[in-house]
Amino acid sequence: MRIERVAGFPVAGEAGLYWLGQAGFWIETGAHRIVIDPYLSDSLARKYVGKPNDHRRMMPPPVEIEALPRPDIVLITHAHTDHMDPETLAPLAARFPGLPFVVPAAKLAVARERIGAGAVLVPVDAGDEIAPLPGVQVHVFAAAHEVAETDEAGRHLFLGYGIVGPRLRIYHSGDCIPFDGLSDAIARFGPDIALLPVNGRDELRLSAGVPGNFTLSEAVSLSDNIPYLVPHHFGMFAFNTIDPAEIDVEMERHKGRPTILRPRTGETLKVI
């Protein structure tokens, strides 16, 4: 397997990845279309207008919600609005009746409120394995967005997903930092491509209520047995990003596994 960059949105039937910004991706398995954590509105800027961290977008949506073709399934890793956005997900549910949304079982009520009363919701928890589409399996992983939180029933608030399709084996960690057992769990799954956040973390952001993620070096280290690393969760909000140039420097510096591919808006990472 190799990956090449091509301009434009993925072609149906051709395996590849298209970055939607932040942690969002459109994934073509070669047979199905999967969306993860799309944030295509400006809902957070309106929510936080006038606040110190005002959540203004640094990049416009690479595609309008109304222009998206019908996906086969949508995966949501957790309930933070830049991942479970009502102004993106509710319009998708309204446009495409019957479209299934895989959501954390611990946040099922929140998902119902944000996506819509009539939406098809598939609640999952860490350790689950589902086959939501013919020829596609989804493995559900625990994630730790600073901490590995659970609800009173022991269900995880933050999830990652492993997607197995006809030509792709992808791990999307959701928002996550390193924690005991994560590396072994990823190794057992054996992805070809890791989609990992790289905006990092620090006490200043945490004290402002902004939990963090992997640093770039942690993401590279976690992917040392994976062919490709596609970093994400940068370039959206000025208070919670790294300079994309840092990723480019690491792309040039790093030798061996993983091959680092910084996603660019308007461009497909096509699997050959």
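The values are calculated or read from the model by the stated rules, or taken from the named source; none is laboratory data. Computed from a prediction, not measured in an experiment: that's the story for all the values here. Cβ: placed from backbone, ideal geometry, glycine included. Neighbour counts: every protein chain shown. Calculation scope for accessible area: heavy atoms of the full protein, side chains included, ligands and nucleic acids excluded. Shrake-Rupley method; radii C 1.70, N 1.55, O 1.52, S 1.80 Å.
Some points to look at:
- For the range 62-182, relative contact order (Cα pairs under 8 Å, six or more residues apart, normalised by length) works out to 21 percent.
- For the range 146-266: accessible area per residue (Å², 1.4 Å): 43 Å²
- Approximating the spin labels as points 7 Å out from Cα along Cα→Cβ, the GLN137-to-ARG112 distance works out to 3.1 nm.
- Residue-level accessible surface for MET59, protein heavy atoms, 1.4 Å, Å²: 20 Å²
- Of all the options VAL63, VAL102, VAL198, the one that moves most in a Gaussian network model of the chain with Cα springs shorter than 10 angstrom is VAL63.
- Straight-line cross-link reach from LYS255 at under 29 Å between alpha-carbon atoms covers these lysines, not counting any fewer than eight positions away in the same chain: LYS270.
- Solvent exposure of the range 34-88 amounts to 42 Å² per residue of accessible area, where only protein heavy atoms count and the probe is 1.4 Å.
- Contact order normalised by residue count of the range 1-115, Cα under 8 Å, 6+ apart, percent: 22 percent
- Couplings 3J(HN,Hα) of the range 23-39, computed from phi: 9, x, 9, 9, 10, 9, 7, x, 10, 9, 10, 10, 10, 10, 6, x, 10 Hz, in residue order, whole Hz [Karplus 6.51 cos²θ - 1.76 cosθ + 1.60, θ = phi - 60°; x for Gly and Pro].
- Whichever lysines have a C-alpha closer than 30 Å to that of LYS51, once near sequence neighbours (fewer than 8 apart) are set aside: LYS107
- For ILE36, ILE242, the ranking by accessible surface with the largest value first comes to ILE242, ILE36, using a 1.4 Å probe.
- Using a Gaussian network model of the chain in which every pair of alpha carbons under 10 angstrom is joined by a spring, one finds that among GLU252, GLU149, GLU87 the greatest mean-square fluctuation is at GLU252.
- Proximal charge balance of ARG205 [Cβ under 13 Å; K/R count +1, D/E count -1]: -3
- Charge tally in the Cβ shell below 12 Å around VAL124, where Lys, Arg are +1 and Asp, Glu are -1, VAL124 excluded: -1
- Potential extension, ALA153-LEU121 segment - 0.36 nm per residue separation minus Cα distance: 9.6 nm
- Solvent-accessible surface (1.4 Å probe) assigned to ARG2 amounts to roughly 120 Å².
- Aspartates and glutamates with Cα under 18 Å of LYS47, excluding same-chain neighbours fewer than 8 positions away: ASP82, ASP85, GLU87, GLU113
- Highest-fluctuation residue, ARG155, ARG205, ARG262 considered, GNM on the chain with Cα pairs under 10 Å: ARG205
- Amide hydrogen neighbours beyond the local backbone of LEU20, cut-off 5 Å, H modeled: PHE25, TRP26
- Rounded to the nearest 10 Å², the accessible area of THR265 at probe 1.4 Å: 70 Å²
- Compactness of the chain was expressed as the Cα radius of gyration divided by 2.2 N^0.38 Å, which yields 0.92.
- Three-way shape label, the range 149-240, alpha-carbon gyration tensor, a/c 1.5: oblate
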